[in-house]
Amino acid sequence: MSGLTVSGEQRIPIESLLERGQSWLQDLHRSSAFLIGVLLIGTWVLLALLAPMIAPYSPTEQHLTDRLSPPNSKYLFGTDELGRDVFSRVLYGARISLPIGFGVVILTAWLGTTLGAIAGFAGGLVDEFIMRLCDAVLAFPSLILAMAITAALGPGLSNAMLAIVLVLWPEYARLMRGQVLYLRELEYVTAARAIGASEMRILWRHILPNAFTVILVKTSLDVGNAILLAAALSFVGLGAVPPMPEWGAMIAAARQKFFEWWIGTFPGLAILTTVIGFNFLGDGLRDLLDPRVRRMQR
């Protein structure tokens, strides 16, 4: 059977690729954490996409005669203080919170990994400057610093997302820097340098692809963290602006409605299940992509 040519140099037999794919699928089937994470996240993504068809009401539609109604056949999750259907608002909230999580992590990973790769590969004063900047950001608690940045920029989801990016990027920079420092000393990098490969080619073709799995696991874990931070900023009035049905803002609106438990409970459960789903997904990806863990499981 013929093989596949990789980078014009190495020919990999088709049988080997099939065996690798079969092995990976077997590991995937055995990873209960990964499957639970995919199930939870897939459910919320599907609910977010189908929210206009599933939600019985508009998330901002008010039914003042039915305000503060407990869960019943007409309002599955009850209504809030303005008579808005909590079930509809939770569904539409997924269309806000999930894109926030994905968008923030994509921007954060891009910024952090770029700076971390530059720091690890360039070294010297460049490395020192970027790492000291990371230390300055990491010296503050993430939520407190995000609140300070958002308060300075003004309330709003876009400012909250920017604040979260500015708070989380040092973690990616330090992780990528460590990967670059480790990988650049390995034999295949030394061999590439010996045959005349440029430093940029070594970075893009040999180092960054091998550091990708670590960054992938980090991003899968941080989506939930970003959603949680955005909800926390909305809870204190620095994120989503009413009447936007964002989960954190919904919980904030329920602070003074202790006996109307349904107003804050269902958005809280939405955040809980989403964050747990991304945590399970990250753990499962780590188990699947780390060869040492895979060998122990076998």
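Here the condition is being at pLDDT below 95, over 26 Å from Val241 (Cβ atoms), out of contact with any helix residue (DSSP H, G or I) (no Cβ under 7 Å at 6 or more places or on another chain) and assigned to a helix (DSSP H, G or I); of Ala136, Ala33, Ala109, Ala119, it holds for Ala136 alone.
Would it be correct to say that Glu128 is outside any helix (DSSP H, G or I) and either at pLDDT 90 or above or within 25 Å of Trp247 (Cβ to Cβ) (or both)? For Glu128, the condition - outside any helix (DSSP H, G or I) and either at pLDDT 90 or above or within 25 Å of Trp247 (Cβ to Cβ) (or both) - is not met.
For every residue, the table says whether it meets (1) touching a residue at least 40 places away in the same chain (Cβ under 8 Å); (2) surrounded by 19 or more Cβ atoms within 10 Å (Cβ to Cβ).
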{"position": "Ile100", "(1), (2)": "yes, yes"}
{"position": "Gly103", "(1), (2)": "yes, no"}
{"position": "Val126", "(1), (2)": "no, no"}
{"position": "Phe129", "(1), (2)": "no, no"}
{"position": "Arg132", "(1), (2)": "no, no"}
{"position": "Ala136", "(1), (2)": "no, no"}
{"position": "Pro155", "(1), (2)": "yes, no"}
{"position": "Ser158", "(1), (2)": "no, no"}
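Selection of helices (runs of 4 or more DSSP H) fully inside the stretch 182-262 by the criterion of at least 3 residues being buried (at least 22 other Cβ atoms within 10 Å of the Cβ) returns 208-235, 247-253.
Taking first residues from the stretch 232-252 that are at positive phi and partners that are surrounded by fewer than 24 Cβ atoms within 10 Å (Cβ to Cβ) and part of a loop (DSSP other than H, G, I, E, B), the Cβ contacts under 8 Å between residues at least 6 apart in sequence or on separate chains come to Gly237/Pro155. Of all residues in the stretch 48-55, none are of a type outside the set (Val, Ile, Thr) and under 14 Å from Glu260 (Cβ atoms).
For the stretch 139-170, give me the residue count where each residue is assigned to a helix (DSSP H, G or I) and either β-branched (Val, Ile, Thr) or more than 16 Å from Gly101 (Cα to Cα) (or both). Result for the stretch 139-170: 13. Scan the stretch 202-217 for residues that are of a type outside the set (S, T, N, Q) and closer than 17 Å to Ala192 by Cβ and jot them down. The answer is Ile202, Leu203, Trp204, Arg205, His206, Ile207, Leu208, Pro209, Ala211.
Looking for something of a type outside the set (A, V, I, L, M, F, W, C), out of contact with any Asp or Glu (no Cβ under 6 Å at 6 or more places or on another chain) and at positive phi - is there at least one such residue anywhere in the stretch 168-177? Among the residues of the stretch 168-177, not one is of a type outside the set (A, V, I, L, M, F, W, C), out of contact with any Asp or Glu (no Cβ under 6 Å at 6 or more places or on another chain) and at positive phi, which makes the answer no.
Would a scan of the stretch 62-73 turn up a residue that is in contact (Cβ under 8 Å) with a residue 12 or more places away in the chain, aliphatic (A, V, I, L, M) and touching a strand residue (DSSP E or B) at 6+ places or on another chain (Cβ under 7 Å)? The answer is yes; a qualifying residue exists. Across the stretch 49-78, what is the total count of residues that are at negative phi and either crowded, with 18+ Cβ neighbours inside 10 Å or among the hydroxyl-bearing types (Ser, Thr, Tyr) (or both)? Number satisfying all stated conditions: 11.
The values are calculated or read from the model by the stated rules, or taken from the named source; none is laboratory data. Worth saying up front: this structure is predicted, and the values here are computed from it rather than measured. Heads up, the Cβs are rebuilt from the backbone with ideal geometry, glycines too, and the neighbour counts pull from every protein chain shown.
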